[in-house]
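Only the coordinates and a few stated rules stand behind these numbers; no lab work does. In this text the structure is predicted, and so the values were computed from the model without any measurement.
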Amino acid sequence: MEINSKIEKAKKGDQAAFTFLLDYYWNEVYSFMLKRTENETTAEDITIETFSKAFDKIASYNSEFQFNTWLIAIAKNVYIDLLRKKKTNLFIEITDAEDQQAYNIADTTLSAEDALINEQNLSRLLLCIKELKPHYQEVIQLRYFQEMTYQEIASKIDEPLSNVKVKILRAKKLLAEIINRNR
């Protein structure tokens, strides 16, 4: 069967097989999460993280089970983790007057030291980004510096949306490795 051969190729690191699997199963995982979260952005974030985790752990996939069942199990776990994180955030009710008073007191201007640290961190980050291949640099630039949506990026670079999502996932992963290596 076509899917099984793609899974085997993906296990060997075949990028085209990863893209095929992402395209093939994206709507199923996304729809599943959209029903649970009732929020498109949250469902998309969970779906992206699901595929990222799946591709990182694809070598552990057991072919005795359906691939989509495995993906849905990962998606459920990502969603449960998200819910746990939300539960640990404590919110305190404050009145509008208290909020305005806090806003008036808070000084959000950066000190000279903080500004310098931010500038140095940005310089280091830009150096790390330059170590990426040009197509990864481009998607990072468009997503995080120009704050374009995935769809806008897909239109700009004339590639399918699923390819853009995979490129951004892989670019982030490679960038994290470069940053950790340069520490």
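Amide H to amide H distances under 5 Å link MET148 with ARG143, where only residues 5 or more positions off or on other chains count and H is placed in the peptide plane.
Applying a threshold of 32 Å to the alpha-carbon distances of LYS6/LYS76; LYS85/LYS156; LYS12/LYS76 flags LYS85/LYS156 as lying beyond it. With the convex hull of its Cα atoms as the shape, segment 1-62 has an orientation-averaged projected area of 4.3 nm².
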